[in-house]
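Take a look at the structure below.
The values are calculated or read from the model by the stated rules, or taken from the named source; none is laboratory data. These numbers come from a predicted model, not from an experiment. Virtual Cβ from ideal backbone geometry, glycine too; neighbours counted across all protein chains shown.
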Amino acid sequence: MSNGKDWIDFNLVKQSVSMEMLIIHFGLFSIERKEDEVRLRCPFHNGKSNNSMAINLTRNIFYCFGCKARGNVIDFVSKYEDCSLREAALRLDKWFFINSPAAESREVETNSQKVSESIPPPVTPQHLIASIEYQLAQLKKLILSR
């Protein structure tokens with residue numbers, strides 16, 4: 001039975017991470033953008049089309065017209081990283097500091113007492129850059145909508 005240390009809330013992960021954040025995180029560049037849809041070359045197969053994958057930013061889902069891959073942010077990471085859905089959710093939790101119980105605290109035994117302590121995640125330059133690029137994109141959207 002699980003001790004709860006690696007428990008992950010899939011719904012919280014899906015609500016906290018957008019497909020746009022993943023595009024930035026993995027360094028994938030969109031070819032075309034129309035309203036809430038982004039088109040790019042599918043990273044899962046070696047297709048020749050530069051716009052074989054559609055990402056719906058409102059629904060936070062993706063679909064590839066070539067290899068038929070589809071799903072949400074967890075499915076995307078699972079396929080991209082070749083890992084289980086659970087491992088994909090744990091990676092998203094770690095990369096984007098979602099603060100689910102797995103990232104939020106660890107239980108440590110001290111003098112036979114359990115003490116829950118908050119452990120801040122490590123911040124890497126890649127995470128900072130991805131966060132800044134995402135915020136810039138959001139600001140551009142806001143400015144252009146006025």
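Details
- Scan of region 16-37 for residues that are surrounded by 16 or more Cβ atoms within 10 Å (Cβ to Cβ) and closer than 19 Å to residue 92 by Cβ, ordered by number: 16, 17, 18, 19, 20, 21, 22, 23, 24, 25, 28
- The set of residues from region 83-97 being small (Gly, Ala, Ser) and not in a loop (DSSP other than H, G, I, E, B) comprises 88, 89.
Condition check ((1) modelled with pLDDT of 90 or more; (2) more than 10 Å from the chain's Cα centre (by Cα); (3) among the basic types (Lys, Arg)) across all residues:
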{"site": "6", "(1), (2), (3)": "no, yes, no"}
{"site": "34", "(1), (2), (3)": "no, yes, yes"}
{"site": "60", "(1), (2), (3)": "yes, yes, no"}
{"site": "65", "(1), (2), (3)": "yes, yes, no"}
{"site": "73", "(1), (2), (3)": "yes, no, no"}
{"site": "83", "(1), (2), (3)": "yes, yes, no"}
{"site": "86", "(1), (2), (3)": "yes, yes, yes"}
{"site": "93", "(1), (2), (3)": "yes, no, no"}
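- Residues of region 62-82 satisfying the condition of being outside any loop (DSSP other than H, G, I, E, B) and either farther than 19 Å from residue 17 by Cα or touching a Lys or Arg at 6+ places or on another chain (Cβ under 7 Å) (or both): 62, 63, 64, 73, 74, 77, 81
- If you go through region 32-61 and keep only what is within 18 Å of residue 136 (Cα to Cα), outside any strand (DSSP E or B) and free of Cβ contacts under 8 Å to residues at least 24 places away in the same chain, you end up with 35, 36.
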